[in-house]
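The values are calculated or read from the model by the stated rules, or taken from the named source; none is laboratory data. Note that the structure is a prediction, hence the values are computed from the model and not measured. All Cβ positions, even for glycine, are placed from backbone atoms using ideal geometry, and neighbour counts span all protein chains on display. When the accessible area is computed, the model is the full protein with side chains, heavy atoms only, and any ligands, DNA or RNA have been set aside. Shrake-Rupley method; radii C 1.70, N 1.55, O 1.52, S 1.80 Å.
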Amino acid sequence: MKITKSLLSRRTFAGLAGAAIIAMAMPVQSFAADVTIPIIVKDTTSFYWQIVLAGARQAGKDLGVKVPELGAQSESDINGQISILENAVAGKPAAVVISPTEFKALGKPVDEAAKSVPVVGIDSGADSKSFISFLTTDNVQGGRIAADGLAAAIKGMTGKEEGEVAIITSLPGVGSLDQRRQGFLEEVKSKYPGLKVVADKYADGQATTGLNIMTDLITANPKLVGVFASNLIMAQGVGQAIAENKLGDKIKVIGFDNDDKTVGFLKSGVLAGLVVQDPYRMGYDGIKTALAASKKEKVAANVDTGANLVTKANMSDPKIDALLNPKVK
């Protein structure tokens, strides 16, 4: 009996020791195996946001995190996004990643969410100081890049940086769009005195409205030589109006963001340029940052994810091609 008991004790000890070694050897992913970090975008139907979601999805796979992909069906559905945020927080996730649809309206909901979980913001801000980290394009700089690109395109067409220009913003009160508008107008005023902003229009988030606004501008402003369409949806609508009226050689348009349609417009000369962000990185690093924050690791308060002007001349460059053709599967 003593021998049997001794053997049992040794076997038991060996088993426990082995289990301990296995536990210590398990990768960091095992910590994250039961971690859920929802990502909430503005519009799940838009190609831009599908790229963001693809980045988040890959981060989830790489880090072993569950990443529910949430969002409204339209960037104008502010109340819908607030409800999605509230429901996501009620599920007690480790953290939340969100791109607020509207600056003022999402301020208090983000504050409330942050009382329960770390909240990481991407792309657009909200009227809140509760974000533990914020990853976005410097949208003021993005507007400046657009102004520089438009001035160069107009000079290439007319030989001088002069003429009437317009800006069309998708929706009022959206932090990122307001900043792009600000940067564009400031750059035009400070660097291009020959450019006169004759129209500063707001739409309702629909490409059709952008098309209609642009069509009206063509009629009302026969001397118009340039337009800045400050997001993907407006670039689609404005591009369509330019294409239908065959004005690509008379009115230069700089859009913001890209999809197959706007890249096609760029190739055919309907659009003169696109300011392209890195939405894949926003999604990927948003989840990565949220996981770190959930483990109480120190994270950067602000991260600039960059922007580039894409033209027909540089669109085949490897760096630019990677931005235009991200992996969304």
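Tabulated values for the structure
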read-out: Value of Rg/Rh across segment 139-276 [Cα atoms, Kirkwood radius]; value: 0.92
read-out: Long-range amide H partners of L195 with built H, under 5 Å; value: G163
read-out: Per-residue HN-Hα couplings for segment 47-59 [Karplus 6.51, -1.76, 1.60; θ = phi - 60°; Hz; x = Gly/Pro]; value: 4, 4, 6, 5, 5, 4, 5, 5, x, 5, 4, 5, 4
read-out: Anchor K115: lysines whose Cα lies under 17 Å away (excluding residues fewer than 8 positions away in-chain); value: K92, K129, K295, K296
read-out: Share antiparallel - DSSP beta bridges, the chain, percent rounded to 5; value: 10 percent
read-out: Cβ-based charge dipole, segment 122-229, positive-most Cα from Y202, T219, T136; value: T219
read-out: Surface accessible to a 1.4 Å probe, per residue, for the residues of the chain, Å²; value: 47 Å²
read-out: Amide hydrogen neighbours beyond the local backbone of A203, cut-off 5 Å, H modeled; value: T169, S170, L171
read-out: Residue-by-residue Karplus 3J(HN,Hα) for segment 87-102, coefficients 6.51, -1.76, 1.60, Hz, glycine and proline x; value: 5, 5, 5, 4, x, 6, x, 6, 6, 9, 10, 9, 10, x, 6, 9
read-out: Rounded percent of accessible protein surface that carbon and sulfur make up, the chain, 1.4 Å probe; value: 55 percent
read-out: Charge dipole of the chain about the Cα centre (unit charges at C-beta), most positive-ward option of N231, P38, L309; value: P38
